[in-house]
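For reference, the structure discussed in these notes is given below.
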Amino acid sequence: MGAGAAPLEGYYFSAALSCTFLVSCLLFSAFSRALREPYMDEIFHLPQAQRYCEGHFSLSQWDPMITTLPGLYLLSVGVVKPARWIFGWSEHVVCSIGMLRFVNLLFSVGNFYLLYLLFRKVQPRHKAGSSAQRILSTLTLAVFPTLYFFNFLYYTEAGSMFFTLFAYLMCLYGNHKTSALLGFCGFMFRQTNIVWAVFCAGNVIAQKLTEAWKTELQKKKEERLPPIKGPFSEFRKILQFLLVYSMSFKNLINGGIVVGDRSSHEVCLHFPQLFYFFSFTLFFSFPHLLSPSKVKAFLCLVWKRRIQFFVLTLVSVFLVWKFTYVHKYLLADNRHYTFYVWRRVIQRYEIVKYLLVPVYIFAGWSITDSLKSKSVFWNLMFFICLVAVIVPQKLLEFRYFILPYVIYRLNIPLPPISRLVCELGCYAVVNFITFYIFLNKTFQWPNSQDTQRFM
């Protein structure tokens, strides 16, 4: 890349952001025409935001059906209220459904910019094609179907993503107080975001552990100590190091993390949620995770370590058998794609959920393999946070996978442009089908006159 690469990258980024925002505005207009009334969870969020917009902040005005903190409503008021003073709009206009939904469209612009900055910070910039790869990766994640859809409804996804990504970026730049404040803002949008605030702090701890681990390895090399042998030798060495490191009073104090309130949703040990996330990630990142060479490498590894994989399979089957839970919403609401995934795939025959275990294991291995450029301590922190966020959730809901997926996707090595184009094309197709079905293929329930849509 020549001297003019940086300005050109800026132009390409601006073009990508502008085009994406233009398309989003057109889609927003289509949504606004089709949905003039609150839909799905908006029946709780929009009235609460409108009460705040009208100045009714008392606890007696709070809807007890809402399970999130009021971050979305407070920030929305802070955005739409100035419009009344600046443009002289009536309260009816500034507190309307369209204006409140537009707040999430603004968040989507912020998310696009934050994703780009994170790719610049996380990914190395010495490769010749990295500029195009960063911009394509940013554009791809910005239109990630599960996230992009909720930019047009009054849900917490866009704001939750914005503050969590902002906190992550500030943490990577070493602005830890700012990161903590932004992490708290993310917590105000969704309680489980406290785990990703911990993840941001964990990045600092992981860096310190990596440096200490390198020093420890160098010391052992200089002392010429005999290596620990055995099938789990590397794991044993790391575990031994972590125990010694954590027992140090100084390290323990520096690494202390206070964890706040948890989600008010029903909590259980739903271990198969981890398997669903692996499958979800494999599906949406298949250009990077699924290839004949990957499958061949996996099968060779399984044969080489067949005893370990046999034990892993038995444990996975046991977790599926004993810890599979089915939320009543999953079975009752046929407006969600998860309803059909569950009914027509997983629940079609009793044995199917066990036959899928090899797919789960391959997906988990492929995801772990794609993160091998990150340190073992980073991986440990990421997977601990992943388990803490999704395993306690009883409901199978793709929205719970958005943040961990985006953080995962940010941290894998920049894929070749051909794979990024394939990924972006697939996302565009999924988005087109999703929006077309949502806007045009409406239906009605037998006992209701309301128009229903597939989400």
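Treating the beta-carbon of each Lys and Arg as +1 and of each Asp and Glu as -1, no other charges, what is the dipole magnitude of segment 321-423 about its Cα centre, to the nearest 20 debye?
With Lys and Arg at +1 and Asp and Glu at -1, about 200 debye.
Could you state how much accessible area Tyr12 has, in square angstrom rounded to the nearest 10, with a 1.4 Å probe and all protein chains kept in place?
That residue has around 130 Å² of solvent-accessible surface.
Students often get this wrong, so check it: of Lys322/Lys353; Lys328/Lys394; Lys81/Lys177, which have C-alpha atoms separated by over 18 Å?
Details: Lys322/Lys353 12 Å; Lys328/Lys394 10 Å; Lys81/Lys177 28 Å.
Distance filter (> 18 Å) returns Lys81/Lys177.
Can you tell me the order of 282-290, 70-78 when each peptide is scored by its average per-residue count of other Cβ atoms within 10 angstrom, highest first?
Values: 282-290: 18.4, 70-78: 20.7.
So the order, starting with the most tightly packed, is 70-78, 282-290.
Quick one: grab Rg to one decimal and Dmax as a whole number for segment 1-143, Cα atoms only, in Å.
19.3, 62
Between segment 348-393 and segment 396-455, how many Å separate their Cα centres?
For segment 348-393 versus segment 396-455, the Cα centre distance is 21 Å.
Determine ³J(HN,Hα), in whole Hz, for all residues of segment 48-63 in sequence, where each value follows from phi through the Karplus function 6.51 cos²θ - 1.76 cosθ + 1.60 and θ = phi - 60°; x replaces Gly and Pro.
Coupling constants for segment 48-63: 5, 5, 5, 5, 5, 4, 7, x, 9, 9, 5, 5, 5, 8, 7, 7 Hz.
How much area per residue is accessible in segment 315-358 when the probe is 1.4 Å and only protein heavy atoms are counted (Å²)?
Details: 2870 Å² over 44 residues.
Per residue, segment 315-358 has an accessible area of 65 Å².
When the accessible area of segment 313-455 is computed with all protein chains present and a 1.4 Å probe, what percentage of it is carbon and sulfur?
Numbers: 4550 of 7010 Å².
Answer for segment 313-455: carbon and sulfur cover 65 percent of the accessible area.
Where the only charges are on Cβ atoms (+1 Lys, Arg; -1 Asp, Glu), what is the dipole of segment 1-153 about its Cα centre, to the nearest 20 debye? Present the calculation step by step, with values, prior to reporting the outcome.
Values: 11 positive and 7 negative charges, 118 e Å.
Roughly 560 debye, rounded to the nearest 20.
Take the alpha-carbon centre of segment 299-316, take the same for segment 41-73, and report the distance between them in whole Å.
Comparing the Cα centres of segment 299-316 and segment 41-73, I get a distance of 50 Å.
Heavy-atom accessible area per residue, segment 373-455, 1.4 Å probe: how many Å²?
Working: 3520 Å² over 83 residues.
Per residue, segment 373-455 has an accessible area of 42 Å².
Express the Stokes-Einstein translational diffusion coefficient of segment 355-455 in µm² s⁻¹, to the nearest whole number, given a Kirkwood radius over alpha-carbon pairs, 10 °C and a viscosity of 1.306 mPa s.
On the way: Rh = 17.0 Å.
For these conditions, the coefficient is 94 µm²/s.
Taking Cα pairs under 8 Å and at least six residues apart, what relative contact order does segment 1-87 come out at, in percent? Write down the numbers at each step before the final one.
Values: 22 pairs, mean separation 20.4, N = 87.
For segment 1-87, the relative contact order is 23 percent.
The values are calculated or read from the model by the stated rules, or taken from the named source; none is laboratory data. Note that this is a predicted model, so its numbers are computed, not measured. Positions of Cβ are generated from backbone atoms using ideal geometry, with glycine treated the same way; all protein chains shown enter the neighbour counts. For the accessible areas, the whole protein counts, side chains as well, though only heavy atoms, and no ligand, DNA or RNA atoms are used. Shrake-Rupley method; radii C 1.70, N 1.55, O 1.52, S 1.80 Å.
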